[in-house]
Amino acid sequence: MEEELDDFQQRLESHLPSLTKSQQRIASYLLANHDEAAFLSAADMAKRLDLSEATMARFAQSIGYDDFRELRRCLQGLFRARATPASRLQHKLSELASSQGHVLTKVLAMEVQYLSEASQRVDLADFDRAVDILLGGQRVFVFASGPSGILTDLATWRLRRLGIPTIAMTESGRHLLEKLVLLQPEDAVLAAGFQHLTPEMLTVLDHAHATGCRSILLTDTLGPALRARADVTLAARRGPVSTFHSLTVPMSVLNALILAVAMARPDESLDALNRLQKLRATSGLDISG
């Protein structure tokens, strides 16, 4: 039976007095960041805390696990238990019901908070590198699946309007491969994925790397697991894992990327939009109603 979050937190707190200072740092980190830690290897977590992998192993044993791998499996079990759609919605509804004010006001305040946090999390140098990748691509292949597919639609629609050949990839399974096989070394890949590490995401990033394409990953908790597979990783957290998720932050980061691309090539972007407008005027297809 998988460990519950309360049990895990109690386990850490009960062992805290007997841990070394280094191990207490690990415990404190896990108490505050157990969702993110579920996707970190012992080496990644050790580097983040400026400790050794041996210290990570000793810590896991000190709090009752056989080794670090067992601790990580526990963290991933906690993550899965809190990340189901029903549990997230239930958590958000309880949160909204327990506080005063209109639901619209509270949800808008939530979105503002997420955006404020994003301004501190997105590395500006990485953002600029992502813009360079989009500008350098002969074509841009955009991948996202499930509810995040709306990000693919947005990016594809707006980049095409700027005159950039863009191919949307929202298919799953082998149907995805029919577009993925079109990748050339001069192309760029923009992929968005959140929480769940899907075979499709791995295939897109690995094939881009094998082809020689540069890639951008827009994600929340998957950064540590996929960082080595993408040329640039942009943080776009959608809120706590245990609650109802918002696409406001990923969409805002995506909008910023598109506008940055337009700013870098204003003449080409405006020319593409003007050509579209002329075609609308002469085609007879742009009729409202």
Within segment 112-140, considering residues that are open to solvent by 60 Å² or more (accessible area, probe 1.4 Å) and among the acidic types (Asp, Glu), the one modelled with the lowest pLDDT: 117
So which helices (runs of 4 or more DSSP H) stay within segment 111-209 end to end and still have 2 or more residues that are touching a Pro at 6+ places or on another chain (Cβ under 7 Å) and on the phi < 0 side of the Ramachandran plot? none
Under the condition of being hydrophobic (A, V, I, L, M, F, W, C) and not in a helix (DSSP H, G or I), which residue from segment 23-49 is farthest from residue 196 (Cα to Cα)? 40
Going by the conditions given, is residue 220 open to solvent by 10 Å² or more (accessible area, probe 1.4 Å) and without any contact (Cβ under 8 Å) to a residue 60 or more places away in the chain? yes
Which condition from (1) part of a loop (DSSP other than H, G, I, E, B); (2) at pLDDT below 90 is the one that residue 225 breaks? (1)
For segment 61-78, which residues satisfy the criterion of being open to solvent by less than 40 Å² (accessible area, probe 1.4 Å) and part of a helix (DSSP H, G or I)? 68, 71, 74, 75, 77, 78
Quick check on segment 28-45: of everything there that is open to solvent by 50 Å² or more (accessible area, probe 1.4 Å) and in contact with a helix residue (DSSP H, G or I) (Cβ under 8 Å, 6 or more places away or on another chain), which residue is farthest from residue 65 (Cα to Cα)? 44
Assuming residue 153 fulfils every condition listed in (1) over 21 Å from residue 228 (Cβ atoms); (2) modelled with pLDDT under 85 apart from one, which condition is it? (2)
Candidate set from segment 183-198 (those that are modelled with pLDDT of 80 or more, surrounded by 21 or more Cβ atoms within 10 Å (Cβ to Cβ) and not aliphatic (A, V, I, L, M)); member that is farthest from the chain's Cα centre (by Cα): 187
May I ask you to verify whether residue 172 is open to solvent by 60 Å² or more (accessible area, probe 1.4 Å), closer than 23 Å to residue 247 by Cβ and small (Gly, Ala, Ser)? yes
Tell me, yes or no, whether segment 246-260 has at least one residue that is over 19 Å from residue 150 (Cα atoms), at pLDDT 95 or above and not acidic (Asp, Glu). yes
Within the group 58, 25, 11, 48, which residue is open to solvent by 80 Å² or more (accessible area, probe 1.4 Å) and out of contact with any Leu (no Cβ under 8 Å at 6 or more places or on another chain)? 58
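The values are calculated or read from the model by the stated rules, or taken from the named source; none is laboratory data. Keep in mind that this is a model prediction, so the values were computed, not measured. For neighbour counting, all protein chains shown are included, and Cβ atoms are generated from backbone atoms with ideal geometry for every residue, glycine included. Accessible surface is based on the protein model in full, side chains and every heavy atom, while ligands, DNA and RNA are left aside. Shrake-Rupley method; radii C 1.70, N 1.55, O 1.52, S 1.80 Å.
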